[in-house]
Amino acid sequence: MRIGIVGTGFVAKLRAEIFSQDERVQLKAIAGNFTKAQELGQMFGMDAHEYWSDLVVRPDLEAIVVATINREHSTVVSKALLSGKHVIVEYPLSFSLAEATELVQLAQQKQLMLHVEHIELLGGVHQAAVEALPRIGKPFYARYATQNPQTPAPEKWTYMPDLFGFPLIAAVSRIHRLTAMFGQVRSVSCQLRYEGGNLPKQFTACVCNAQLQFDSGLIADVGYSKGEHVWKPERSLEIQGSQGAIIFEAETGKLIAANGEETLPAGPSRGLFKKDTENVLSHLFNGTPLYVTPASALHALAVACAAEKAARTNQVIDV
């Protein structure tokens, strides 16, 4: 299978490394920052394009990897699908739920694969939590929070709202982890605050907190913070149930119940892009089901878009 890559950052390079190790794949072209595209092209034997629009229409390509800035995802995916290519895209698929839905429908109409990467579902913490869920009875509360202190804040597109997007859309994986475990979300409330002297173009700190009300009655808090004035690193998952609780701090987990506590071992968090890529290739060559369905990816995005509206209007938004 002949593959082209749009993007020249860390994930694009990582994808190229993984694909280069598979005999079923031939890397043909890469587009993005032209200097970096030339470097990666020489490294992996790919043609370098300055413009992604030239790459996605190449008749010799069968699949496109989209690993560029978030704002461009939907446009590149659309052009690639219209050109008859299978697509692997890093989340988010789009800033717009309506647009994302149209892209999924377009892929289905053309009988092409559209895979939205959500590697958090492959991670050891998520897998361990899912396996332990039946042991805590009926879940009624969950919390998933990440905090990433960065001082000074980097001058990168990930700190530019126009390019990065609303935080919980850009980081929709935070929501998808919970919807994959607990199902449909009924309503959302959300608060967002940016800090920085160059707003709205660029922020130096961001705090975004949402509360999700699930159809099951479960309530979940989702927190995303990064940048300056964020002083404590955090990556925590908490699930409270009628018969116990699951608690993870980073990759250290425990199950708490009436008869005491026990350690919950989590598998490795490394190598997830490799697992994702192997699943995609197995799907394309052997028909193996993808670990992310279009419906699950769209629902997570629907919740994130509802959170954006809730933060903007200061209202509770139905999903």
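Around residue 141, which amide H atoms from residues at least 5 apart in sequence, or from another chain, sit under 5 Å from its own amide H, with H modelled in the peptide plane? Those qualifying (amide H under 5 Å, at least 5 residues apart or on another chain) are 219, 240. Each of 207, 125, 65 was scored by other Cβ atoms within 10 Å of its Cβ. Arranged with the fewest first, they read 207, 125, 65. Calculated mean residue ellipticity, 222 nm, the chain: -10000 deg cm²/dmol, from DSSP H runs (n ≥ 4) at -39500 (n - 2.57) each, averaged per residue and rounded to 500. Take every DSSP beta bridge whose two residues both sit in the chain; close to 60 percent of them are antiparallel.
At residue 43 and residue 24, where each label point lies 7 Å from the Cα along Cα→Cβ, what is the point-to-point distance in nanometres? Modelled inter-label distance: 2.5 nm. By the Cα gyration tensor, the range 2-117 has an equivalent ellipsoid whose semi-axes, rounded to whole angstrom, run 22, 15, 12 from largest to smallest. Taking all Cα pairs closer than 8 Å and separated by 6 or more residues, the relative contact order of the chain comes to 18 percent. Each principal axis of the Cα atoms in the range 218-319 has its own extent, and those three values, largest first, are 46, 44, 35 angstrom. Cross-link list 79/226; 156/274; 13/138; 85/226; 79/232: which exceed 31 angstrom alpha carbon to alpha carbon? Beyond 31 Å between Cα atoms: 79/226; 13/138; 85/226; 79/232. Taking amide H as placed 1.01 Å from N in the peptide plane, the amide H of residue 9 sits under 5 Å from none that are at least 5 places away or on another chain. When the convex hull of its Cα atoms is viewed from all sides, the chain shows a mean projected area of 16.8 nm².
Please rank 194, 141, fewest neighbouring Cβ atoms within 10 Å first, as an exposure proxy. The order, fewest Cβ neighbours first, is 141, 194. Karplus-derived 3J(HN,Hα) values for the range 79-88, using 6.51 cos²θ - 1.76 cosθ + 1.60 with θ = phi - 60°, are 5, 5, 5, 5, 8, x, 9, 5, 9, 10 Hz; glycine and proline are entered as x.
Each of residue 191 and residue 14 was given a label point 7 Å from its Cα along the Cα-to-Cβ line. The distance between the two points is 3.2 nm. Footprinting exposure proxy ranking of 90, 50, fewest other C-beta atoms within 10 angstrom first, gives 50, 90. For the pair residue 96 and residue 229, label points projected 7 Å from Cα toward Cβ lie 3.2 nm apart.
Each reported figure results from applying straightforward, stated rules to the coordinates on display, with no laboratory input. Predicted, not measured: the structure shown is a model, and the values here were computed from it. As a convention, Cβ positions derive from the backbone with ideal geometry for all residues, glycine included, and neighbour counts pool all protein chains shown.
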